[in-house]
Each structure stands twice: as structure tokens, then as C-alpha cells.
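Notes follow once the structure below has been shown.
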Amino acid sequence: MSKIESHDAPATDGAFELDPEIADHLTTRRQALSRAGLWGIGAAMASLPLGLGVLAKSAYARQGIPQQVEDILNFALTLEYLEAEYYTLGVQASGLIPSAHVPIFDLLRIHEVQHVELLQSVLGDAAVAKPTFDFTAGGAFDPFNDYAQFQILAQAFEDTGVRAYKGGAAGLNSAPDLLDAALQVHSVEARHASEVRALRGQSRWIQFDETDVAAIAAVYAGEANTTHAGVEVTGVTGVSERGVTEAWDEPLSVAAVLEIAGLFIVD
């Protein structure tokens, strides 16, 4: 059985920052994509949490998928396309990834390809086509020529995925088979995120809403929350505020995910 093993790697110095003009370009592009209703999901979808990362061949597959579920699955499929292509291109880029790390990123690639294939099999003819990706985000990044940047975006995509699956869990209470499958993928994505963060010399878990790279700050918005189920956790546990933020991942909505992933999608 394949497993992801931890490998030591030098920490990045966090010096990668966006030129102000490029940052403005990213903001403009993000706003345009949001207004356009990316992938035809529509305004109503923007208020729904993303969540169905994977679907076992269940009653939905046999009886037909409700339109709302189909829309969410296609949104999830688009994100899986993004991760699968990103790792595929990264592994194929000659000299980009150190030899000791190639098996790790290749395993991540395999996992994401499997997620894509399963979603496609469940959606059938309703599956959206793979969009065109621009992993430079219009020239802001150069991940396939700079390993530090490749790792930074890998971390951003994986941490986004973990929060996205968290966002959809509550909506699956009435569909236990889907909830079970989604939580299985959620845990795998969390392992991916942990490994990539460790490769970068970062903590394996998110602390507050901190990031060493300002360009991916949107991924961590809201992570400093310390109130759960209406309870201020620091007041009942004696655990530090930092420790509490490490113990919970906050959910992301479709709209929030569009803010992040939409930067890398051309059409």
C-alpha cells in the first residue's frame, strides 16, 4: 500500500510577494470571474457550501442526481481537475521537483486523478468538461519553473480543498452515503495539505489565519475563529488561542472557493 512519508526540506523564507500591479490584476480578475457566474453555476450557488468531493455509486447514481447536487458535483469536479492537472504538469516538468519529493507529488497526482475519474463516472454525460487552466494566474506565478512557488500553490490548493469539504459536510446529513464518501476524501485532502506544508518547512496545521505568503492569504481568511457551537473554546478549556485555532478547520463556501480557484481558470 502506498503511503505518504514525511521528508525534510528547507523552509522557504516567505520572501515571495506579488508586485502591487499584479495584485491589482488578480483582484480585478477575481471580481470579473465572480460576476460572470463561473461554470454556469449561477448566483444561487454562491451561497451554498462546497462539499461533494466524491460520490460512491449509490442511490443517487442509480435514480438520477438532483440538479442542485449535480451542480455541486460538477463544481467539485472542476476543482479536482485543477489539482490533478497541476500535479501532472509538476511531475512532468523536468528538474522542477527534487528527486526525493517526486514520489510524494506523484502520489498526490494519482489520488486527484482517481477523484476525477470517480466523479466523471457518477455524473456521466452531465459531467462538465475540463476547463483551461492558467497556473500563472495571468503572470503572477511561475510554478513550473520555481519549486518554491510550486509548493506554495500546492499548499494553497490543498488547504482550500480541506476547507471546501468541511463546508459541505453539514449539507449531507440527509445522505449518509454521500457524507461518508465526502469525509473519506476530506481526510485524504487533509493528509495532502499536511504533507505539502511540512515539505515547505511549515507547521502541519493552520495557526490563526496566518500564512508566510501574502499572495495566498485568501485561503486562510476566517481561520482565526475560536468560537464553535456557540462556545468560546478558550474560555472552557484553558487552551491557548493559537492552540484552539489549530484544532479546527473553518468551512469555505462556493463563493469563497471561486475567489481562490477562479484565478487559475481561463474558461
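Taking θ as phi - 60°, what are the ³J(HN,Hα) couplings along the stretch 120-130 by the Karplus curve (6.51, -1.76, 1.60), each to the nearest whole Hz, with x for Gly and Pro?
4, 5, 6, 6, x, 5, 7, 5, 6, 6, 5
For A169 paired with Q67, estimate the spin-label separation in nm (one decimal), with each label point 7 Å from Cα along the Cα-to-Cβ line.
Between A169 and Q67, the simple spin-label model gives 3.1 nm.
Would you please give the residues with an amide H less than 5 Å from that of V239, counting only those at least 5 places away or on a separate chain, with H modeled from the backbone geometry?
The answer is none.
Using modelled amide H (1.01 Å from N, peptide plane; none on Pro or chain starts), what sits under 5 Å from the amide H of F208, excluding residues fewer than 5 places away?
Long-range HN contacts for F208: T245, E246.
Got the relative contact order for the stretch 63-264 handy, in percent, Cα pairs under 8 Å and 6 or more residues apart?
It rounds to 19 percent for the stretch 63-264.
Can you tell me the FRET efficiency between N145 and D180 if r is taken as the Cβ-Cβ distance and R0 is 45 Å, rounded to the nearest 0.05?
Calculated value: 0.65.
List, in order, the whole-Hz ³J(HN,Hα) value for each residue of the stretch 185-193 obtained from phi through the Karplus relation with A = 6.51, B = -1.76, C = 1.60 and θ = phi - 60°; use x for Gly and Pro.
5, 3, 5, 5, 4, 5, 5, 4, 4
Using a simple charge model, +1 on the beta-carbon of Lys and Arg, -1 on the beta-carbon of Asp and Glu, nothing else, what dipole does the stretch 63-264 show about its Cα centre, in debye to the nearest 20?
I would put it at about 260 debye.
Over the stretch 61-151, what per residue volume does the convex hull of the Cα atoms give, in whole Å³?
Dividing the Cα hull volume of the stretch 61-151 by its residue count gives 97 Å³.
At 0.36 nm per residue, minus the direct Cα-Cα distance, what do E232 and D134 gain on full extension? Give it in nm, one decimal, please.
My answer for the length gained is 31.2 nm.
Taken together, the values in this text are just the output of simple stated rules run on the coordinates, not laboratory data. Bear in mind the structure is a predicted one, so any value in this text is a computation, not a measurement. Glycine also receives a Cβ, built like all others from the backbone with ideal geometry; neighbour counts cover every protein chain displayed.
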